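Presented below is the structure to which this report refers.
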Amino acid sequence: MAFCKLSSDFILDGYTYIENVFIHEYLPKADGEYVKTYIYGLFLSKNAVSENNIDDVCQALNLTLDQLYNIYMYWQDEGLVQITSTEPFEVKYLSFKNKLPKKYKEGKFDDFNSLLQASFPNRMITPNEYNEYYETMENNRIKPDAMIMIVQHCLKLRGENVNYRYILTVATNWANEGVRTVPGVEKKLSEYNSLTSSIIKVKDALNYKGIVGLYENQLFTKWTNTWGYSVDSIIYTAELSKKHTFDALDKKLEDLYRLNLLTVEEIANYNKTRKELIDIAVNINKKLGIYYEDLDNIIETYTVQWLNKGFSAETLENIANYCFLCSIKDLGQMNRIINKFYKLGYTTTTAVNDYINEHIANDNIIQNIIDATGTNRAVTESDRLFYKTWKTDWNISDELLNYATTLANGRTSAIAYLNQVLANWHRQNITTVEDAMKTNNYSTAKTPKQELNERAYTPQELNAVFSDIGDDNFDF
């Protein structure tokens with residue numbers, strides 16, 4: 001009797017681990033009863049349960065002993081279990097890493113073996129190599145005659161020294177695309193052959209000396225089917241490539257694709273103006289006081305995007321100079337400023353300068369207001385927001401603003417007092433100095449805290465008010 005064992009509720013609360021390879025390679029082709037029996041036996045083998053005897057298993061699965069034996073004979077042939085005893089009937093589950101070689105019906109692959117060996121007249125196929133072919137065909141449901149066609153195709157591409165694992169990889173990839181029979185392989189080869197002539201043209205344009213195989217075909221399919229390049233566009237780019245490899249061509253086409261350059265005309269125009277793009281990028285970097293040896297990423301990420309937004313090279317260089325004067329020496333920060341100008345519709349040098357001059361003029365006005373209140377400091381961003389609210393949102397006239405400034409002069413926190421005065425006038429619809437002078441003396445006005453304490457508001461009342469105040473009502 002065991003000293004320690006799991007409780008039944010502990011066992012039921014746990015889990016039984018099933019490897020993905022079982023679900024991918026074995027489950028699809030096995031009968032439902034066979035899968036159910038395998039999983040139930042796996043559960044029993046991993047947990048100390050009292051029902052782990054042959055009678056209880058047959059009863060739980062509603063199987064006879066002969067049926068159970070036949071099922072485990074199938075899984076033994078698959079190499080996943082080993083029947084260690086028939087009397088009493090005992091089964092040992094095997095690790096997928098150490099599974100037994102799968103047993104195949106004698107004579108099942110005789111014709112395949114003959115054709116496979118005939119395909120390699122200068123070397124002998126090893127038993128292990130045969131077995132891997134069998135497993136690939138069984139696991140992917142590839143017909144033997146279709147596999148021979150795949151072998152012949154790979155031999156044509158790579159020669160007799162082709163590694164058999166390369167052949168099995170091609171077969172598995174094609175099976176994942178649904179190519180498992182002779183008609184399927186014939187269709188695939190027809191598609192492949194139609195691509196081959198185009199790929200050979202690309203190879204010649206690239207001056208590529210290697211063998212064009214599966215990898216190069218996959219790249220070509222991506223360029224044409226996924227990215228939408230024409231063969232002419234690919235050949236044109238290949239002819240201009242300084243590195244004579246398909247990987248280098250792939251990187252170049254990817255860069256062009258990110259720039260949405262697909263046709264020969266678009267790519268040619270990009271290459272023609274590339275010298276100009278380099279000069280613009282260099283000049284902008286100089287204005288910012290920075291240096292990059294590799295400008296490809298700079299041109300792609302910033303320069304082209306800015307030009308596409310309608311900014312000229314002159315405008316971009318002027319903005320860069322302004323950024324430098326403001327101690328902004330980073331392309332990312334300059335990009336945020338350019339995006340702000342773009343949203344405002346300021347894409348020319350004149351428009352940008354007008355915007356800057358307007359802000360300088362506003363800052364001079366705001367500085368005069370600050371000085372008039374008796375406050376000794378420079379203009380801040382908060383001051384600019386206050387001024388925008390007074391003039392744009394509240395429509396306070398210059399005369400009324402000047403009068404309010406005289407009231408705030410000498411006050412502690414003069415700008416805060418000025419805000420309070422102007423807010424009260426705005427609330428009371430006071431628009432002239434005459435009306436303002438008729439109001440109470442603000443030296444004795446109640447503070448916001450005093451006014452708030454005069455009555456208590458309920459959360460419901462406050463929610464009703466503040467829920468109506470959305471972000472859309474503010475433009476900062």
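Scan region 410-442 residue by residue and report those that are within 20 Å of residue 372 (Cα to Cα), surrounded by 13 or more Cβ atoms within 10 Å (Cβ to Cβ) and polar (S, T, N, Q). Passing the criteria: 419, 420, 432. Would you list the helices (runs of 4 or more DSSP H) that sit entirely within region 109-158 and hold 2 or more residues that are of a type in the set (S, T, N, Q) and within 23 Å of residue 215 (Cα to Cα)? Ranges flagged: 127-140.
Among the residues of region 159-170, write down those that are under 14 Å from residue 125 (Cβ atoms), open to solvent by 10 Å² or more (accessible area, probe 1.4 Å) and not in a loop (DSSP other than H, G, I, E, B). The answer is 164, 165, 168. Being over 30 Å from residue 398 (Cβ atoms), among the basic types (Lys, Arg), part of a helix (DSSP H, G or I) and open to solvent by 50 Å² or more (accessible area, probe 1.4 Å) holds for only one residue in 343, 287, and it is 287. In region 321-339, the residues that are open to solvent by 90 Å² or more (accessible area, probe 1.4 Å) form Cβ pairs under 7 Å with partners that are part of a loop (DSSP other than H, G, I, E, B), at six or more places apart or across chains, as follows: 329/289; 329/290. Here residue 407 fulfils each of the conditions (1) touching an Asp or Glu at 6+ places or on another chain (Cβ under 9 Å); (2) open to solvent by less than 70 Å² (accessible area, probe 1.4 Å) apart from (1).
Conditions first: (1) modelled with pLDDT of 90 or more; (2) over 35 Å from the mean Cα position of the chain (by Cα). Residue 126 passes all but one, so which condition is the exception? Going through (1) modelled with pLDDT of 90 or more; (2) over 35 Å from the mean Cα position of the chain (by Cα) one by one, residue 126 breaks only (1).
Checking each residue in region 262-284 for being of a type in the set (A, V, I, L, M, F, W, C) and either open to solvent by 30 Å² or more (accessible area, probe 1.4 Å) or on the phi > 0 side of the Ramachandran plot (or both) picks out 262, 264, 268, 278, 282.
Tallying residues that are over 16 Å from residue 197 (Cβ atoms) and either among the polar types (S, T, N, Q) or assigned to a helix (DSSP H, G or I) (or both) within region 220-245 yields 10.
Screening the candidates 194, 114, 95, 190 for the property of being surrounded by fewer than 17 Cβ atoms within 10 Å (Cβ to Cβ), out of contact with any helix residue (DSSP H, G or I) (no Cβ under 9 Å at 6 or more places or on another chain) and under 30 Å from residue 47 (Cβ atoms) yields one hit, 95. Exactly one residue out of 173, 193, 163, 271 is modelled with pLDDT under 90, under 27 Å from the mean Cα position of the chain (by Cα) and not aromatic (Phe, Trp, Tyr): that is 173. Residues that are in a helix (DSSP H, G or I), open to solvent by 30 Å² or more (accessible area, probe 1.4 Å), in contact (Cβ under 8 Å) with a residue 24 or more places away in the chain and within 30 Å of residue 25 (Cβ to Cβ) do occur in region 197-219, at least one of them. The single condition among (1) part of a loop (DSSP other than H, G, I, E, B); (2) free of Cβ contacts under 8 Å to residues at least 60 places away in the same chain that residue 57 does not satisfy is (1). Among the residues making up region 197-216, a single one is of a type in the set (Asp, Glu) and in contact with a helix residue (DSSP H, G or I) (Cβ under 7 Å, 6 or more places away or on another chain): 216.
Evaluation of residue 379 against the conditions (1) outside any helix (DSSP H, G or I); (2) open to solvent by 50 Å² or more (accessible area, probe 1.4 Å) shows that the sole unmet condition is (2).
Considering region 60-80, and only residues there that are open to solvent by less than 50 Å² (accessible area, probe 1.4 Å) and in a helix (DSSP H, G or I), the residue that is modelled with the lowest pLDDT turns out to be 76. The residues on offer are 445, 378, 416, and the sole one that is modelled with pLDDT of 85 or more and over 30 Å from residue 317 (Cα atoms) is 416. Open to solvent by 60 Å² or more (accessible area, probe 1.4 Å) and within 24 Å of residue 137 (Cα to Cα): is that true of residue 33 in this structure? Yes; evaluated as a whole, the condition is true for this residue.
The values are calculated or read from the model by the stated rules, or taken from the named source; none is laboratory data. If you're wondering where the values come from, they're calculated on a predicted model, not measured in any experiment. Methodologically, a virtual Cβ is constructed for each residue, glycine included, from the backbone with ideal geometry; neighbour enumeration extends over all protein chains shown. SASA here: full protein model, heavy atoms, side chains in, ligands and nucleic acids out. Shrake-Rupley method; radii C 1.70, N 1.55, O 1.52, S 1.80 Å.
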